[in-house]
Amino acid sequence: MNRFSLSVEMAPMEGITTAVYRRVYRKWFEGIDRTYTPFLVANRTHKFKTREKKEIEVCSPDLVPQILTNQAEHFIWAAHELHKAGFGEINLNAGCPSATVTTKRKGAGMLDDIRALKSFLDEIFSEKEKGDLPEISIKTRVGFSSYLEAEDIADLYAKYPFSRVIVHPRIRDDFYNNVPNTEAFGIFYDRIPHEALVFNGDLKTAEDVRKICDEFPEISGIMIGRGLLADPFLPERICAGADPRGDDFSDREKKILLSFLEELYEDYERELSEATAIIKMKELWNFMAVSFPDNKKQLKAISKSRNGSEYKTAVRNGLRS
Ligand SMILES: Cc1cc2nc3c(=O)[nH]c(=O)nc-3n(C[C@H](O)[C@H](O)[C@H](O)COP(=O)(O)O)c2cc1C
């Protein structure tokens with residue numbers, strides 16, 4: 001916790017904030033209070049895939065597994081499994097906007113049928129009342145195709161004892177376009193207990209966080225995704241309540257960033273393969289590139305690198321202080 005006693009949380013990002021990323025991130029950076037796994041699919045097989053099992057191999061009190069399903073039975077199965085494995089909270093994904101997910105009425109697709117969502121929540125919370133389930137939190141958008149849906153969704157969530165309601169105030173049809181709608185977040189602020197409410201969306205600087213906290217002073221936390229990928233020091237800056245002067249990383253920060261990126265690449269290479277490790281790092285660089293507006297040449301060299309040695313040289317050149 002920082003001096004504002006605001007919980008600073010790392011957003012789940014499929015393929016990016018993997019167990020490997022989270023472990024190496026935690027080693028080099030400070031300021032994150034909680035992390036979430038990217039979504040794990042709970043379906044009728046009642047088994048997680050090998051890749052998903054790796055996400056929950058190491059159980060810690062500040063790691064929350066996230067589940068994608070629209071079947072209460074499958075969610076309850078996952079909740080029991082994860083409880084047995086020692087997790088104290090699990091999170092329901094009601095925000096993923098991808099068509100492959102929403103056409104099956106999962107992720108943000110759950111918001112398109114509020115009656116089905118209510119039955120789902122009734123069933124999982126009545127199972128929870130029987131005991132032996134972890135706390136249940138939800139990560140949600142504020143509507144499917146219209147902001148007018150926000151009130152009904154917030155009213156529905158207010159009926160259940162969620163340990164956390166993480167609100168990304170966009171609707172599904174926005175994907176990541178437009179700006180987060182703070183008016184819609186206000187609808188949740190009026191209805192959801194503040195100690196459970198977390199804001200997520202487009203927080204890229206400590207100043208962005210300050211503005212949200214000025215408008216919604218009693219929220220319990222903020223969740224950051226792309227802002228943290230672009231500037232891994234962001235949680236630290238949020239805790240300190242200050243952004244750096246100018247846009248550039250300091251020499252000390254560049255050294256830490258380089259060590260972080262090298263260790264991350266090596267861990268991926270060990271766990272996957274050289275080729276896949278490079279793909280993963282290039283995916284990450286797609287998000288980091290905004291932090292290097294004056295390094296076009298170096299960024300191009302990173303994106304063109306064909307093997308580990310070319311990749312590492314390009315990164316070292318890009319971060320030379
Ligand atoms: C590549 C990518 C993968 C994502 N994967 C997940 C996921 O697995 N679960 C989830 O709830 N949200 C996922 N999200 C959404 C983020 O958690 C977050 O809500 C979104 O990026 C907005 O926050 P930000 O503006 O701080 O990035 C993903 C977003 C992106 C861009």
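Here, each number is a calculation from the coordinates, and none is a lab measurement. These numbers were taken from a predicted model, which means no experiment stands behind them. Ideal geometry is used to build each Cβ from the backbone, glycine not excepted, and the neighbour counts take in all protein chains shown.
Would you mind pulling out the separation of the Cα centroids of region 64-82 and region 228-273, in Å? About 33 Å separates the Cα centre of region 64-82 from the one of region 228-273. Treating the beta-carbon of each Lys and Arg as +1 and of each Asp and Glu as -1, no other charges, what is the dipole magnitude of region 1-118 about its Cα centre, to the nearest 20 debye? Dipole about the Cα centre, nearest 20: 280 debye.
Within the listed set G109, G221, G308, the residue fluctuating most in the Gaussian network model of the chain (springs between alpha-carbon atoms under 10 angstrom) is G308. Computed from the Cβ-Cβ distance with R0 of 22 Å, the FRET efficiency linking A242 to E195 stands at 0.25.
About the centre of its Cα atoms, region 251-318 shows a dipole size close to 420 debye [charges on the beta carbon of Lys, Arg (+1) and Asp, Glu (-1) only; nearest 20 debye]. Amide H contacts of N295 (H built 1.01 Å from N, in plane; Pro and chain starts excluded): no residue 5 or more places away or on another chain comes under 5 Å.
In a simple Cβ point-charge model (Lys, Arg +1; Asp, Glu -1; nothing else charged), the chain has a dipole of about 1240 debye relative to its Cα centre.
Considering the dipole of the chain built from charges on the beta carbon (Lys and Arg +1, Asp and Glu -1) around the Cα centre, which of F233, Y21, V315 is farthest to its positive end? About the Cα centre, the residue reaching furthest to the positive side is V315. The relative contact order of region 7-240 comes to 18 percent, based on Cα pairs under 8 Å that sit 6 or more residues apart. Sorting the segments 10-17, 253-260 by their mean number of nearby beta carbons within 10 angstrom, highest to lowest, gives 10-17, 253-260. Each of A99, S291, M281 was placed along the dipole of the chain (beta-carbon charges, centred on the mean Cα), and the one lying farthest toward the positive end is M281. Can you tell me, using C-alpha contacts under 8 Å and at least 6 residues apart, the relative contact order of region 251-318 as a whole percent? Once divided by the residue count of region 251-318, the mean separation gives 29 percent.
Placing dummy labels 7 Å off each Cα toward the beta-carbon, the span from Y160 to A85 is 2.1 nm.
Rounded to the nearest whole Hz, the Karplus-based 3J(HN,Hα) values (6.51 cos²θ - 1.76 cosθ + 1.60, θ = phi - 60°) of region 309-315 follow the sequence 5, 4, 4, 5, 4, 4, 5, with x at glycine and proline. In this simple spin-label approximation, D113 and S145 carry label points 7 Å from Cα along the Cα→Cβ vector, and these lie 1.5 nm apart. Spin-label model, T103/S309: points 7 Å from Cα along the beta carbon direction are separated by 4.5 nm.
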